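The values are calculated or read from the model by the stated rules, or taken from the named source; none is laboratory data. Because the structure is predicted, anything quoted here is derived from the model rather than measured. Cβ placement follows ideal geometry from the backbone for every residue including glycine, while neighbour counts extend to all protein chains displayed. Surface areas here come from the heavy atoms of the whole protein model, side chains and all, with no ligands, DNA or RNA. Shrake-Rupley method; radii C 1.70, N 1.55, O 1.52, S 1.80 Å.
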Amino acid sequence: MQRFSILSLARNALSGHRGWRPFWRDAAPRERYDVVIVGGGGHGLATAYYLARNHGIRDVAVLERGWIGGGNTGRNTTIVRSNYLCNESGALYEHALKLWEGLNEELNINVMFSQRGVLNLAHSLPDVREGRRRVEANRLSGIDAEWLTPEEVRAFCPIVDISPAARHPVLGATLQRRGGTARHDTLAWGYARAADALGVDIVQNCEVTGILRDDGRVTGVRTTRGTIHADKIGIVVAGHSSVLAAMAGIRLPIQSHPLQALVSEPMKPIHPCVVMSNAVHVYVSQSDKGELVVGAGIDAYNSYGQRGSFHVIEHQMSALLELFPIFSRVRLMRAWAGIVDVCPDASPIIGKLPLRGLYLNGGWGTGGFKATPGSGWVFAHTIARDTPHPLNAAYSLERFTTGALIDEHSAAAVAH
């Protein structure tokens, strides 16, 4: 794989192409491919890369209506962890976490994966019971997990308020030391460059406006840059899975919601880990640039707008100051919202749709970023072999008729 020096990157930046040129070829679409991936975010690019790397399928086009990584991949709070309760979730996220641990070398790019540890706080006896149960379930599944007392929480993250007089006293916490944060846009660039090096075409500013079908199978897509024929089509469009599936006449059990987040002004290093709390529903880490990265819960209203309700931010800030009084004078720098697809059981759909040659990877809710490598790995397997990988076999659309749900609503400590 080609390596880039600082000098070569500087030359790219000054080459007259309105800033940085991409590390990959921004291809013009051809009339036909073996596989078309709709969606140029982290999951779509990872799928294309693993199709080429693991399965030798290189006649692949990734179609993105804007620019790669410009959707939820660039609009999340960058948390990576695998300490989910359900066996199906734990196995998939743990596979993703193991891939995260080798991505720098795999993609020849620094994804800034920092395994600083993830704390999930408990504020009530039900929280404590749930946390301890999850710790033991994780250990039985081979996933690292610990239970901390309030004093151990303070030792691990000294700025958390563990005072018994607090409105939401800290009664303990789960800890996954291998969890942490990563750089979201670099992940997309890394997969894009690596996929391009294997022959994948990446087509930006190419919106899919229709899905072509004939005799019960897909035959291609209509786009703003012409018709593209393909034998297989993978839909990987966070926030708009239902819209794309409807183009093929398929109705999905998915709703779209805004998910709020914000960052503070930059500060010197003060927050050493990731802290999450279900009871007050806030989660916070500090980026390498010094900004506090603060997330909230899903906005209750269905929307495709990339902004949420202001009361969500108010509640988020109130919760933040409950846990971290030290942040009371920190100033907000910017806020945004991503659009997330949410399934009834808070778990994704990864598999075949009821139209031959059409596949879906969507409905991740708030768990998509951390799953990116594992998601791309299993979805590429599903497309290449027309059968699910063992890690995503349970994530089929049919589970909503059989009742074999993977209910992470109450099992995952917090929705992300």
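Taking all protein chains as they are arranged and a probe of 1.4 Å, the heavy atoms of Y49 leave approximately 10 Å² accessible to solvent.
Take 371-380, 113-122 and order them by the average number of nearby Cβ atoms within 10 Å per residue, most first; the result is 371-380, 113-122. On the basis of the beta-carbon distance and an R0 of 51 Å, R251 and R25 show a calculated FRET efficiency of 0.90. Each Lys and Arg Cβ is given +1 and each Asp and Glu Cβ -1; about its Cα centre, the chain then shows a dipole of about 800 debye.
Since only N108, M276, S287 are under comparison, the one whose Cα sits farthest along the positive direction of the charge dipole of the chain, derived from C-beta charges on Lys, Arg, Asp and Glu, is N108.
Rounded, prolate or oblate: pick one for segment 212-252, where a ≥ b ≥ c are the square roots of the eigenvalues of its C-alpha gyration tensor, a/c under 1.5 means rounded, and failing that, prolate if a/b is larger than b/c, else oblate. It is oblate, given that a/c is not under 1.5 and a/b is not larger than b/c.
Across the accessible surface of segment 119-173, with the other protein chains kept in place and a 1.4 Å probe, carbon and sulfur atoms take up 55 percent.
Taking a ≥ b ≥ c as the square roots of the eigenvalues of the Cα gyration tensor, an a/c ratio of 1.5 or more together with a/b larger than b/c marks the chain as prolate.
Rounded to the nearest 20 debye, the dipole size of segment 83-223 about its Cα centre is 340 debye, using +1 on the Cβ of Lys and Arg and -1 on the Cβ of Asp and Glu. Within a straight-line Cα-Cα reach of under 25 Å, K268 can be paired with the following lysines, leaving aside sequence neighbours fewer than 8 residues apart in one chain: K289.
Per residue, the solvent-accessible area of the chain (1.4 Å probe, heavy atoms of protein chains only, all protein chains present) comes to 43 Å². Give me log10 I(q)/I(0) at q = 0.16, 0.19 Å⁻¹ for segment 39-112, Debye formula, one equal scatterer per alpha-carbon, no solvent. Evaluating at q = 0.16, 0.19 Å⁻¹ gives log10 I(q)/I(0) of -0.74, -1.02.
The aspartates and glutamates within cross-link reach of K98, meaning a Cα-to-Cα straight distance under 17 Å and a gap of 8 or more places when in the same chain, are E88, E106, D144.
The lysines within cross-link reach of K232, meaning a Cα-to-Cα straight distance under 23 Å and a gap of 8 or more places when in the same chain, are K352. Here r is the Cβ-Cβ distance between E105 and I159 and R0 is 30 Å; the resulting FRET efficiency, rounded to 0.05, is 0.35. About its Cα centre, the dipole of segment 268-416 is roughly 440 debye, where the only charges are +1 on Lys and Arg Cβ and -1 on Asp and Glu Cβ.
Rounded to the nearest 0.05, the FRET efficiency derived from the C-beta distance between T401 and T149 at R0 = 45 Å is 0.50.
As a rough guide to protection, the peptides 64-70, 138-144 ranked by mean Cβ packing within 10 Å, highest first, stand as 64-70, 138-144.
Each of D185 and N87 was given a label point 7 Å from its Cα along the Cα-to-Cβ line. The distance between the two points is 4.2 nm. When peptides 288-299, 359-370, 232-243, 178-189 are sorted by average Cβ neighbour count within 10 Å, with the highest value leading, the order is 359-370, 232-243, 178-189, 288-299.
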